[in-house]
Amino acid sequence: MRDPDLTQIDPSRHLLIAGPTASGKSALALAVARAQGGLVVNADALQVWSCWRVLTARPTTADEAMAPHALYGHVAPGRSYSVGDWLREVQELTGRRLIVVGGTGLYLTALTRGLARIPPTPPDLRAAADARLRQEGGLEGMVRDLDDATRARIDLQNPARVQRAWEVLQATGRGIADWQAETPPPLMAPDDCQRVLITTDRDWLADRIAMRFRAMLDWGALDEVRAMLPVWDPQAQWAKAIGAPELVEHLQGRLTLPEATERAIISSRQYAKSQRIWFRGRMKDWHLWRAGNAGVHPLPES
């Protein structure tokens, strides 16, 4: 294993590490924490769920023994969890140097640019929105209901974004674009932190994603999914873990394990593509860090 070159990392500031799935973020964060000190803080929306350790490539128990970690696997299935919840929890940790690492662009952008304080969606409205979205033409109907400013601003092909915007409009009478115009200052301004974005060769990353998912199966990912099968709800937040829907289809007899594996690998690669699009569009001022600089580390790592 080759140690990463940390000479470019400022130990006196908070460090933010972003990058696509399987690019080596967690390995770099752990190396920094061991060499310079700091609390490793999760910024991956899938790694918060207590039911997924292997499937979401959370740090291993051995990793956690080498440096302090926070906000990993601390949310039980059945709860709702938002970027606002995550920001509030991060704020409680800022009395020490943080090494915030993950691939959820919305979390990292909210941390560095601020997040509009939008009232939470009432549970009955959320249930109604879930039901409408499942109906034929539900997404298109929600899009039509949105105000013009919001419709021009959000990704209309993303059901989660459209539903959230629709819920906000129904609950508050104001479009989400209007709320976002009142965004408060960020928790971590640029001068307060160093921001590193891991970049990779696309083919290298595609191969690594495939190797990692197959390794996850060896380490018990299928058992994790089997344990959640009795309460499986494809609409639940925790059920969005990459690979979980495909492995459920295998356990329910609709796919062979090789078929499920291949589909999960494709889903992971598509997820990495969407991450790169977010990073290019919203994180252009981050310092680029080639994946090789993080060292060559054994799987798993996020």
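Things worth noting here:
- Selection count, segment 155-166, where residues are among the polar types (S, T, N, Q) and either surrounded by fewer than 14 Cβ atoms within 10 Å (Cβ to Cβ) or touching a residue at least 60 places away in the same chain (Cβ under 8 Å) (or both): 2
- Pairs, first farther than 23 Å from R212 by Cα in segment 26-37, second in a helix (DSSP H, G or I), C-beta under 8 Å, six or more apart: A33/M66; R34/M66
- None of A29, A33 is crowded, with 24+ Cβ neighbours inside 10 Å, outside any loop (DSSP other than H, G, I, E, B) and touching a strand residue (DSSP E or B) at 6+ places or on another chain (Cβ under 8 Å) except A29.
Every residue, every condition in (1) assigned by TED's automatic domain parsing to the domain that holds V101; (2) within 30 Å of A127 (Cα to Cα); (3) within 18 Å of the chain's Cα centre (by Cα); (4) modelled with pLDDT under 95, yes or no:
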| site | (1), (2), (3), (4) |
| --- | --- |
| D192 | yes, no, no, yes |
| R214 | yes, no, no, no |
| Y271 | yes, yes, yes, no |
| G281 | yes, no, yes, yes |
| S302 | yes, no, yes, yes |
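- Each residue in segment 232-249 was checked for being surrounded by fewer than 20 Cβ atoms within 10 Å (Cβ to Cβ) and over 17 Å from Q47 (Cβ atoms), and 7 of them qualify.
- No other residue among R254, R212, R202 is out of contact with any helix residue (DSSP H, G or I) (no Cβ under 6 Å at 6 or more places or on another chain), buried (at least 17 other Cβ atoms within 10 Å of the Cβ) and of a type in the set (D, E, K, R) apart from R212.
- Any chance L93 is over 29 Å from A227 (Cβ atoms), buried (at least 19 other Cβ atoms within 10 Å of the Cβ), in contact (Cβ under 8 Å) with a residue 24 or more places away in the chain and over 16 Å from the mean Cα position of the chain (by Cα): no
- Residue match in segment 260-278 (condition: in contact with a strand residue (DSSP E or B) (Cβ under 9 Å, 6 or more places away or on another chain), surrounded by 14 or more Cβ atoms within 10 Å (Cβ to Cβ), over 20 Å from V48 (Cβ atoms) and not small (G, A, S)): yes
- Complete set of residues in segment 36-59 that are surrounded by fewer than 24 Cβ atoms within 10 Å (Cβ to Cβ), closer than 21 Å to L15 by Cβ and among the polar types (S, T, N, Q): Q36
- Residues of segment 121-154 that are surrounded by 13 or more Cβ atoms within 10 Å (Cβ to Cβ), at pLDDT below 95 and not in a helix (DSSP H, G or I): T121, I154.
- Tally, over segment 180-194, of residues that are surrounded by 12 or more Cβ atoms within 10 Å (Cβ to Cβ), under 17 Å from W86 (Cβ atoms) and out of contact with any helix residue (DSSP H, G or I) (no Cβ under 6 Å at 6 or more places or on another chain): 2
The values are calculated or read from the model by the stated rules, or taken from the named source; none is laboratory data. Worth saying up front: this structure is predicted, and the values here are computed from it rather than measured. Cβ: placed from backbone, ideal geometry, glycine included. Neighbour counts: every protein chain shown.
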